[in-house]
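> Please find one structure pasted underneath; my questions will follow.
Read-outs throughout are calculated quantities, based only on the coordinates presented, and are distinct from any laboratory measurement. As the structure is a prediction and not an experimental result, all values here were calculated from the model. Glycine also receives a Cβ, built like all others from the backbone with ideal geometry; neighbour counts cover every protein chain displayed.
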Amino acid sequence: MDVAVYVRRGARAKAIVEIAQSLGLPHVLDLGGLRLDKSPYLHAVELDLELAAPPSALVMPPADDVYKPVLIADLLNVRRIFLPPPPTVDDLARVYDEAATYGVEVVWLYGRPPLARPEDVEAVAEAVHPRAARIVYDVVSARSSKEIVKTLVSLQGYMASMYLSNRKGRRGPRLPPFDVDGVINYSDVVQAALLLQWDGQYVLRMAPQFADKLSLQVAVLNEIAETFRSAGKASKKVQRMVAEVLDEIFASSGLE
């Protein structure tokens, strides 16, 4: 399984990166608080001096100059960036073209225009390029396991990554995905992803105060995957849920 750890830039970042390294996992570095008001070269130098280990991807804030995030990633030799999509498809196309020139993959945060719905993603893929519609799905924003599975079925060809974190309610810190107090059943989610043969990256994202639980989260994730491989199938509950979602999608498309 392709698994990474989400790390937010700050005082605890170094310690969390060290935990990820001890588990043999890459990390995705969130630079959301970075003010892109300097030359990309200066930003890159400062970040290079700060980073204890190179990230596998950068989570970048929106920028007035849409090319800055791409250039900073290239200067740091990071080949993937996560970005909130710009407001229009034309803007998105410009960022994608610039990134492709540098050999940087852009992965857009799914759920906001012009990538708010599955049909939006398909429209971008058709209008620009299929790889221009690569997305990361923040699962914690979903209202039910069925909604998660439906999104995965609809967009698995475009979904590069999933952020896995849990919650008790609409507010509060991000809990570890397999926290017993969380409302999302990640055993079902992961089984559905395995059943659908989704081959993207699981990014474990939780509030920094839960960093000591990373090892357990990875162990549970691997155990679910191993159980699935041993059995050769998902639980009956997950099989039914996936079948229901597929039936609904086919019915709405008129392809029954």
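> Between D91 and V183, 0.36 nm times their residue separation minus their Cα-Cα distance comes to what?
Fully extending the segment from D91 to V183 adds 29.5 nm.
> Taking the Cα centre of the range 2-253 as origin and charging only Cβ (+1 Lys, Arg; -1 Asp, Glu), how large is the dipole, in debye to the nearest 20?
It works out to roughly 880 debye.
> A further question on this structure: Counting each DSSP H run of 4 or more residues in the chain as -39500 (n - 2.57), what helix-only mean residue ellipticity at 222 nm follows after dividing by all residues, to the nearest 500 deg cm²/dmol?
Mean residue ellipticity, 222 nm, calculated: -13500 deg cm²/dmol.
> Next question. Please report how far the C-alpha centroid of the range 61-86 lies from that of the range 20-56, rounded to the nearest whole angstrom.
12
> Sticking with this structure for a sec: Roughly how many debye, to the nearest 20, is the charge dipole of the range 1-150 about its Cα centre, given +1 on each Lys and Arg Cβ, -1 on each Asp and Glu Cβ, and no other charges?
That gives a dipole near 520 debye.
> Across all directions of projection, what mean area in square nanometres is found for the Cα convex hull of the range 2-253?
If you wrap the Cα atoms of the range 2-253 in a convex hull and average its projections, you get 13.7 nm².
> Greater than 19 Å separation of Cα atoms is the criterion. Which listed pairs, K213/K237; K14/K213; K168/K233; K213/K236, meet it?
Among K213/K237; K14/K213; K168/K233; K213/K236, the Cα-Cα distance tops 19 Å for K213/K237; K168/K233; K213/K236.
> Please give the length that would be gained between E223 and A207 if that part of the chain were fully extended, namely 0.36 nm times their separation in residues minus their C-alpha to C-alpha distance (nm, one decimal).
Gain on extension, E223 to A207, equals 3.5 nm.
> In whole angstrom, note down how far apart the Cα centers of the range 188-237 and the range 107-185 are.
16
> Picking from A20, V124, P86, whose Cα lies most toward the positive end of the charge dipole for the chain (charges on Cβ: Lys, Arg +1; Asp, Glu -1)?
Of the options given, the answer is A20.
> So if I average 1/r over every pair of distinct C-alpha atoms in the range 167-249 and take the inverse, what Kirkwood radius in Å does that give?
It works out to 14.0 Å.
> Under a point spin-label approximation (7 Å from Cα along Cα-to-Cβ), what is the R117-E50 distance to one decimal in nm?
3.9
> Between G111, I184, L196, whose Cα lies farthest towards the positive end of the dipole of the range 97-243 when Lys and Arg beta carbons carry +1 and Asp and Glu beta carbons carry -1, centred on the Cα centre?
In the range 97-243, that residue is I184.
> Between A11 and S144, with labels modelled 7 Å along Cα→Cβ, what's the label distance in nm to one decimal, could you check?
Spacing of the two 7 Å Cα→Cβ label points: 4.3 nm.
> Okay, next question. Over the range 2-253, what relative contact order in percent results from Cα pairs under 8 Å that are six or more residues apart?
It rounds to 16 percent for the range 2-253.
> Pick out which of D65, D120, D48 has the largest mean-square fluctuation in a Gaussian network model of the chain, springs linking Cα atoms closer than 10 Å.
Comparing D65, D120, D48 in a Gaussian network model of the chain, the most mobile one is D65.
> If exposed trypsin sites (Lys or Arg not before Pro) are those in a DSSP loop with at most 15 other Cβ within 10 Å, what is the longest stretch of the chain that has none?
Formally, the longest exposed-site-free interval is 80-142.
> Further, regarding this structure: Let's test the formula: R0 of 25 Å, r as the Cβ-Cβ distance of A100 and D2. What FRET efficiency results, to the nearest 0.05?
E(calc), rounded to 0.05, equals 0.70.
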